[in-house]
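Working notes for the structure below.
Please treat every number below as a calculation from the coordinates, not as lab data. Just so it is clear, the structure is predicted and the values come from calculations on it, not from any experiment. Glycine gets a Cβ as well: all are built from the backbone with ideal geometry, and neighbour counts include every protein chain shown.
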Amino acid sequence: MPTHLQIITLDRVTYEDDVDLVVLPGIDGQLGVLPRHAPTVTALQAGEVVARKSGEEALIAVTGGFVQVSPESVVVLADAAEHAEEIDIERAQAARDRAQQRVEERPPMTDVDVARAESALARSLIRLKVAEKNGQRPGTGTPPAVGTG
C-alpha cells in the first residue's frame, strides 16, 4: 500500500504521485516516511525531497516549508520546489557565487542582510546538490543523454 505524496508551492503542484518512501529535510534532520506513518506535522529546512516508487527515485529541491504526514498521505507545503531536471546549474552556480560574496562582506551588512545572504547561499547549494545528484551538466536543465559522459 503506497502513500500519496503532494508537494505544493504557492504557484503549482510540483509533485503528486503514490510512492513507497519519502525522505524529507526536516528541521531536526532527515525524516523518512513509509506508508501508514504516524501523524506528524513539522517544519522543513532547505534540502532535497526523495520520492521512491518501484525502485525509481525523484529528487525535488525545496527551500523550506512544512509537511503534514498522515497514515495515507504526505503533504508538503514548500516555500519553493523544483524537480532536479528543472534546475539550471549555471544559474544556480551564479546565485551561489553572489550569495557567497554577500556572506563574505559581513562588516558593512546588517544582521538581516547576513541572514538573507546565508539563506540564499543555502538555497543555491541545495539546488546544485540536487541537480548534480541527478547527473546534470552545467548550462543545461536536463540530465546527460544515455551513453554520454
At 222 nm, what helix-only mean residue ellipticity would the chain give, in deg cm²/dmol to the nearest 500, using -39500 (n - 2.57) for each DSSP H run of four or more? -9000 deg cm²/dmol
Under a Gaussian network model of the chain whose springs join Cα atoms within less than 10 Å, the largest fluctuation of Arg12, Arg98, Arg123 belongs to Arg12
Highest GNM mean-square fluctuation among Gly65, Gly26, Gly135, for the chain with Cα springs under 10 Å, belongs to Gly135
C-alpha long axis of helix 89-104 to longest principal axis of the chain, angle in °: 60 degrees
A chain fully extended from Ser119 to Gln68 at 0.36 nm per residue, minus the present Cα-Cα distance, gains in nm 16.0 nm
Ranked on Cβ counts within 10 Å of their own Cβ, fewest leading, Arg127, Arg102 go Arg102, Arg127
Hey, with R₀ at 30 Å, roughly what FRET efficiency would Glu90 and Arg12 work out to, going by the Cβ-Cβ distance, to 0.05? 0.80
So I have (1) 21.7, 70; (2) 16.5, 55; (3) 37.0, 108, and one of them is Rg and Dmax of the Cα atoms in Å calculated from this model. Which one is it? (2)
